[in-house]
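Reading through the structure tokens given below for one structure.
The values are calculated or read from the model by the stated rules, or taken from the named source; none is laboratory data. Predicted model only: the values in this text are computed from it and were never measured. Cβ coordinates were reconstructed from backbone atoms using ideal geometry, including for glycine residues, and neighbour counts include every protein chain displayed.
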Amino acid sequence: MKDFNYHSAKDSKEASKLASSSSAFLAGGMTTIPSMKLGLATYKDLIDIKNIKKLSGIKVSGKSVTIGAATKHVEVSNSKDVKKAIPSLSSLAEGIGDPQVRNRGTIGGSIANNDPSADYPSACIALNATIHTNERKIEAAKFFKGMFETALKKGELIEAIEFQIPEKSSYQKHPNPASRYAIVGVYVAKHKGDVNVAVTGAKSCVYNDKEMSKALSGNFSSSSIDGMDLDSSEMNSDMHASADFRASLVVTQAKKAVDAC
Amino acid sequence: MGKISLEVNGRKVEKEAPDNTLLSTFLREHLQLTGTHIGCDTSQCGACVVHVDGNSLKSCTALAADINGSKVTTIEGLETNGKMHPMQEAFKKLHGLQCGFCTPGMVMSAVDLLQKNKKPSDTEIRDWLEGNICRCTGYQNIVAAVKEAATKM
Ligand SMILES: Cc1cc2nc3c(=O)[nH]c(=O)nc-3n(C[C@H](O)[C@H](O)[C@H](O)COP(=O)(O)OP(=O)(O)OC[C@H]3O[C@@H](n4cnc5c(N)ncnc54)[C@H](O)[C@@H]3O)c2cc1C
Ligand code: FES
Ligand code: FES
């Protein structure tokens, strides 16, 4: 691993002041460190944000659950408040990687990285999340731009993610047996007005499946999406699953999610 | 370059190390604690698992600078007065290892499990060991060893 300077920021202001075109924030390090070891990324400065108190913790209000960006997966999965308010979010966190990844990895790092197979981006889309940064608020629907790409500007720091509490919801993932990343993961959330069906793992970036959302908003039953033939032309095809298999998995996982709601 | 101060296996250590020093490198090369193994470059195998402030983590994916000031326990720190830890005894008794490469990480991870869940089921043991890969045993005897250790701890 190439050398770099390690900084530990005390607050968001200091963190964004230290940021440059050759720096990265260091949260759990579960993506940054392996990518640097493999030579896929190099930085001059790593700015540790774990000691910024404001970035950790979970708050529940009547309508929403707000999770600090540096909150670890294990804290979300163990939180009684999250379990009560949005049980599917707690079980999503429990299904990420392995215990050692969950002991370090953070929600902010996961969504900033926007891996096409990561779990949390689907929760953001399904639960109409608002991403709070040190500069502004961004709706989830405008945050995830493409493969490993987000609306964040250089040096912009995510401070918290605010999830809307749904009437019912469930996340169902078909995991890669080795890494536990989603080959396909579907997060179904029924809100007062409409239903979101957020899909991760299937395409280059998380998305809300409009066709299934419409069908389920009309009739919230797995029978309304049974046998749906999704267009697989933009779906990923790799050694784990072909595009056609992924298209079929999306429907299967969505049906499972609706039945589990 | 910065000063790293840690308590490792009950002993205070203080050493200068470059900022890009991984915890695993610090343990193996600066402290000569080579019981912690390195089996991959992708944070997936778990051979490097140690405890930091009571929780297991992959030492190959944490910077020494990042955990400055913490308490670290490695496989070398499990024995007391030359007597093996019950988890090590159980792995030995039930053949929970063959080549032994994955064993330090397996044992450290399993000890952390029993700290959090005193009587885990087979499924809970297998789920917990998700991040520890073994190329030899087929896992059966590892699960049996963890169950045995649970009766002794
Ligand atoms: C073996 C293994 C298995 C995994 N399995 C899964 C899985 O099943 N599902 C899944 O979803 N993920 C999985 N992950 C990823 C893991 O969940 C981490 O969440 C993810 O790697 C990034 O989080 P981090 O906190 O470690 O971020 P870091 O690695 O510290 O940072 C990642 C990127 O995010 C940026 N960043 C971090 N925090 C912020 C912030 N607050 N504001 C702005 N930018 C920020 C950094 O600059 C960096 O570019 C796995 C990882 C490993 C190593
Ligand atoms: S060496 Fe493989 S996970 Fe650390
Ligand atoms: S005993 Fe050889 S890798 Fe596990």
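Side notes on the structure shown:
- Condition met for B:THR21 (of a type in the set (Ser, Thr, Tyr), within 11 Å of another protein chain (Cβ to nearest Cβ), within 20 Å of A:LYS2 (Cα to Cα) and surrounded by fewer than 16 Cβ atoms within 10 Å (Cβ to Cβ)): no
- Residues of the stretch B:122-150 satisfying the condition of being in contact with a Lys or Arg (Cβ under 9 Å, 6 or more places away or on another chain) and of a type in the set (Ser, Thr, Tyr): B:TYR139
- Residue within the stretch A:153-170 that is surrounded by fewer than 22 Cβ atoms within 10 Å (Cβ to Cβ) and β-branched (Val, Ile, Thr) present: yes
- Residues satisfying the stated conditions in the stretch A:101-146, i.e. basic (Lys, Arg), touching a strand residue (DSSP E or B) at 6+ places or on another chain (Cβ under 8 Å) and away from every other protein chain (no Cβ under 14 Å): A:LYS137
- A Cβ distance below 6 Å, combined with a sequence gap of six or more or placement on separate chains, defines the contacts here; from the stretch A:233-261, residues that are without any contact (Cβ under 8 Å) to a residue 12 or more places away in the chain reach residues that are part of a loop (DSSP other than H, G, I, E, B) and surrounded by fewer than 19 Cβ atoms within 10 Å (Cβ to Cβ) in the pairs A:ALA243/A:SER232; A:ALA243/A:SER237.
- Taking the criterion of being basic (Lys, Arg) and within 12 Å of chain A (Cβ to nearest Cβ), the residues of the stretch B:97-153 that qualify are B:LYS116, B:ARG126.
- Any chance B:SER5 is in a strand (DSSP E or B) and polar (S, T, N, Q): yes
- Where strands (runs of 3 or more DSSP E) fall wholly inside the stretch B:17-133, no range has 1 or more residues that are over 26 Å from A:GLU94 (Cα atoms) and within 16 Å of ligand 3 (Cβ to nearest atom).
- Filtered residue count, the stretch B:134-147, keeping only those that are buried (at least 19 other Cβ atoms within 10 Å of the Cβ) and away from ligand 3 (no atom under 16 Å from the Cβ): 0
- Qualifying residues in the stretch A:72-103 (those that are among the polar types (S, T, N, Q) and within 16 Å of ligand 2 (Cβ to nearest atom)) - the one farthest from the chain's Cα centre (by Cα): A:GLN100
Table: residues versus (1) surrounded by fewer than 18 Cβ atoms within 10 Å (Cβ to Cβ); (2) more than 8 Å from chain B (Cβ to nearest Cβ).
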{"site": "A:ASP3", "(1), (2)": "yes, no"}
{"site": "A:ALA9", "(1), (2)": "no, yes"}
{"site": "A:ALA15", "(1), (2)": "no, yes"}
{"site": "A:SER21", "(1), (2)": "yes, yes"}
{"site": "A:GLY28", "(1), (2)": "no, yes"}
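- Matching residues in the stretch B:26-44 - criterion: being over 13 Å from the mean Cα position of the chain (by Cα), farther than 14 Å from B:GLY131 by Cα and surrounded by 21 or more Cβ atoms within 10 Å (Cβ to Cβ): B:PHE26
- Check on A:LYS192, within 16 Å of ligand 1 (Cβ to nearest atom), of a type outside the set (Ser, Thr, Tyr) and in contact (Cβ under 8 Å) with a residue 12 or more places away in the chain: no
- Residues of the stretch B:58-105 that turn out to be within 16 Å of ligand 1 (Cβ to nearest atom) and in the same structural domain as B:CYS134 (by TED's automatic domain parsing), as a count: 2
- In the stretch B:107-132, residue farthest from ligand 1 (Cβ to nearest atom) [restricted to those that are of a type in the set (Gly, Ala, Ser) and surrounded by 14 or more Cβ atoms within 10 Å (Cβ to Cβ)]: B:ALA110
- When B:GLN44 is tested against (1) more than 10 Å from chain A (Cβ to nearest Cβ); (2) within 25 Å of A:ALA178 (Cα to Cα), only condition (1) is not met.
- Evaluation of B:MET153 against the conditions (1) within 14 Å of ligand 3 (Cβ to nearest atom); (2) modelled with pLDDT under 95 shows that the sole unmet condition is (1).
- Scan of the stretch B:45-54 for residues that are surrounded by fewer than 19 Cβ atoms within 10 Å (Cβ to Cβ) and out of contact with any Lys or Arg (no Cβ under 7 Å at 6 or more places or on another chain), ordered by number: B:GLY54
- Top-ranked residue in the stretch B:55-69 [being surrounded by 19 or more Cβ atoms within 10 Å (Cβ to Cβ) and not aliphatic (A, V, I, L, M); ranked as nearest to A:ILE33 (Cα to Cα)]: B:THR61
- Residue selected from the stretch B:1-24 under the condition without any contact (Cβ under 8 Å) to a residue 40 or more places away in the chain and touching a helix residue (DSSP H, G or I) at 6+ places or on another chain (Cβ under 7 Å), by the criterion nearest to B:LEU57 (Cα to Cα): B:SER24
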